[in-house]
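Below you'll find the structure, written out as structure tokens, and then a few comments.
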Amino acid sequence: MGAGYQVVLGDLSSMAGTFHAEAENYRGLKPKVTPPVADGGDPGLNQAMGILLDAIDGLHTKMADRIDEHGDKLTYAHDSYQRNDVDVHGVFEDLMAE
């Protein structure tokens with residue numbers, strides 16, 4: 001395997017780890033992004049604020065999940081390249097044996 005190819009595999013693995021770590025960091029921000037609902041003094045206002053904060057909470061969770069999914073895709077790309085490399089070397093060795 002060429003040196004440049006190892007760098008690509010290493011980069012994919014590193015990026016996947018970074019995406020997974022940052023997804024967890026982003027999830028950790030949830031209490032700061034979605035504070036408890038304050039009493040606005042009016043039931044209608046309280047309900048509207050609750051709905052808005054629930055929507056923000058849902059979007060925050062979806063964003064963290066998407067960041068995590070990108071890490072999964074990078075892991076898949078790394079594993080696919082690595083598997084392909086093993087297959088190519090196997091075919092090459094089979095052809096050269098004769």
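The values are calculated or read from the model by the stated rules, or taken from the named source; none is laboratory data. Predicted, not measured: the structure shown is a model, and the values here were computed from it. Cβ coordinates were reconstructed from backbone atoms using ideal geometry, including for glycine residues, and neighbour counts include every protein chain displayed. Side chains are part of the model used for accessible areas, which takes the heavy atoms of the whole protein and leaves out ligands, DNA and RNA. Shrake-Rupley method; radii C 1.70, N 1.55, O 1.52, S 1.80 Å.
Return the residues of region 1-45 that are of a type in the set (Val, Ile, Thr), part of a helix (DSSP H, G or I) and at pLDDT below 95; say none if nothing qualifies.
Across region 1-45, the qualifying residues are VAL7, VAL8, VAL33.
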(message) If MET63 meets every condition in (1) open to solvent by less than 60 Å² (accessible area, probe 1.4 Å); (2) under 20 Å from the mean Cα position of the chain (by Cα) apart from one, which number is that one?
(response) (1)
(message) Pull out all pairs, ordered by first then second residue, where Cβ-Cβ is under 8 Å, the residues are six or more apart or on different chains, the first lies in region 17-41 and is closer than 13 Å to ASP57 by Cβ and open to solvent by 90 Å² or more (accessible area, probe 1.4 Å), and the second is of a type in the set (Phe, Trp, Tyr) and at pLDDT below 90.
(response) none
